[in-house]
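Nothing in this text is a laboratory measurement; each read-out follows from the coordinates by a stated rule. Just so we're clear, the structure is a prediction, and the values are computed from it rather than from any experiment. Cβ atoms come from the backbone with ideal geometry, glycine included; neighbour counts cover every protein chain shown.
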Amino acid sequence: MSYERFIAIRHLQSRSRSFVSTITVIAILGVFLGVMALTSVTAVTGGFQDAFQERVLGVNSHLLVMRYGADFRNYRDVQEIVESHDGVEASSPFIFHEMIASHGNRTAGILAKGIEPSTAESVSDIPQYVEQEGALSELDFDRFPEDGQVQVPSILIGSTLAERLEAGPGDTIRVTSPLEGLDSGGWQSASQEPSTQVFHVAGTYRSGFHEYDDRMVLADFRALQDFFDQGDTVTGVDVRVKDVFAVGELSEELRESLPASEYRILDWRQLNHNLFTSLELQRRVLAVLFLFIVLVASFNIVCTLIMIVLEKNKEIAILKSMGATNGEIMKTFMYQGTIIGLIGTLNGLIGGLAVCLLVRSADFGLDPEVYMIDHLPVRIDPIEFLVVAVVAMAICILATVGPSWWASQMRPVDGLRYD
């Protein structure tokens, strides 16, 4: 151990002046609180971002291929073209319609998504969220049953929507399309009444994303085609890719394969651009705000070193009289500030990890109608913890430069003048 480090440690361990030791503890405590708050906030905001991404990519596909206009009949040909690309894992047709569901005297606005049950599992994680085993297979709709009897189509509803409608597996709900009662040429009411259809509730699903659990229902797309009498047309094709972060390059490849004037291709980042942009902005703003805690703590280190310099001016003069250079005196006090920052940072990382584990295991009772998720997610990323530690130590080391330089410029005669 160099003598500069030895002297730095001896100064911090000195009990001759209780005031100096007290502000040293305060400086360490300030760095500790700043690092702990910064790691905790970074982990929670990162967890929110991951949770939303997981829910969005779990319920939705990674890519959407849609045709301009309503006449998308050649979707099977489009699926073949899409699946011929190496980056594509699977594809499945879908239909979207806004409707009204009612059960007894309860009603709710819903977003009905028609899926192909046999391929839906390959493009989304919805089957993993279904709470009743085999419920997804019950959605299969046979247009031409062998017995000739009209089949009542089945439907999957979100758990939150099921509570609102007080409906569950085995019940029937009535679905109404309000658009059937409007003249297609304007807002005037048409002579025909809104079209309605009774659906059998095959089961419920719980994705953990309130926006979906409260509104979206799933049915066989063939049943919705018959309900709207639209023939064999779909809204678009869901596409699942092998690498979600390379979806941009794959989108460009698909645009070259499909005429841009006829087809529109949207990836998950475009579909949820506002959501993820706001989450990232919130994360950065919170990180900057809590970084100020570390900056404030660095001023405590400055004050601590100034007080030590004032107290140890005689020792500084003696060291210089014995041949210590300005650089060695400066290193001595920089070591002291670095030790304060290191102790505070290491304990802050441990405290931040403890807070993250506590938050992960605690139930804060989040309102999903407000936060869209029902728990507080936490992402414990060693890289992020390391970045926080490096930034905190850099701030602490920079804070030592001024007082250390001031100590190195002290003349021996000034320290020994009154002795």
ask   = Given a Förster radius of 45 Å and the C-beta distance between Leu398 and Phe276 as r, what FRET efficiency does 1/(1 + (r/R0)^6) yield to the nearest 0.05?
value = 0.85
request  = For segment 230-285, evaluate the Debye formula with one uniform point scatterer on each Cα (no solvent term) and list log10 I(q)/I(0) at q = 0.30 Å⁻¹, rounded to two decimals.
outcome  = -1.23
ask   = Roughly what would the spin-label model give for Ser118 and Ile380, points 7 Å off Cα along C-beta, in nm?
value = 4.6 nm
query = Fully extended, how many nm does the chain gain between Arg255 and Leu111 (0.36 nm per residue separation, minus their Cα-Cα distance)?
reply = 49.0 nm
query = Taking 0.36 nm per intervening residue step and subtracting the Cα-Cα distance, what contour gain separates Asp229 from Ser195 on full extension?
reply = 11.2 nm
key: Inter-label distance for Ser159 and Gln132, nm, one decimal - labels placed 7 Å from Cα along Cα-to-Cβ   = 1.6 nm
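Compute the Kirkwood hydrodynamic radius of segment 69-260, taking the inverse of the mean of 1/r over all pairs of distinct Cα atoms, and give it in Å to one decimal. Please report the intermediate quantities before stating the final value.
Working: mean 1/r = 0.0558 Å⁻¹.
Every distinct Cα pair counted, the radius reaches 17.9 Å.
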query = How high is the FRET efficiency from Leu57 to Leu346, r the C-beta distance, R0 51 Å, rounded to 0.05?
reply = 0.90
request  = Quote the FRET efficiency, to the nearest 0.05, computed for Ser102 versus Val391 with a Förster distance R0 of 45 Å and r equal to the Cβ-Cβ distance.
outcome  = 0.20
Distance between modelled label sites at Asn74 and Leu289, nm, 7 Å Cα→Cβ extension = 5.3 nm
request  = Would you work out if segment 23-135 is rounded, prolate or oblate? Take a ≥ b ≥ c from the square roots of the eigenvalues of the alpha-carbon gyration tensor; rounded if a/c is under 1.5, else prolate when a/b is larger than b/c, oblate otherwise.
outcome  = prolate
Long-range HN-HN contacts of Ile110 with modeled amide H, under 5 Å = Met99, Ile100, Ala101
task = Once you have the Cα-Cα distance between Val150 and Asn326, take 0.36 nm times their residue separation minus that, and quote the gain in nm to one decimal.
result = 53.8 nm
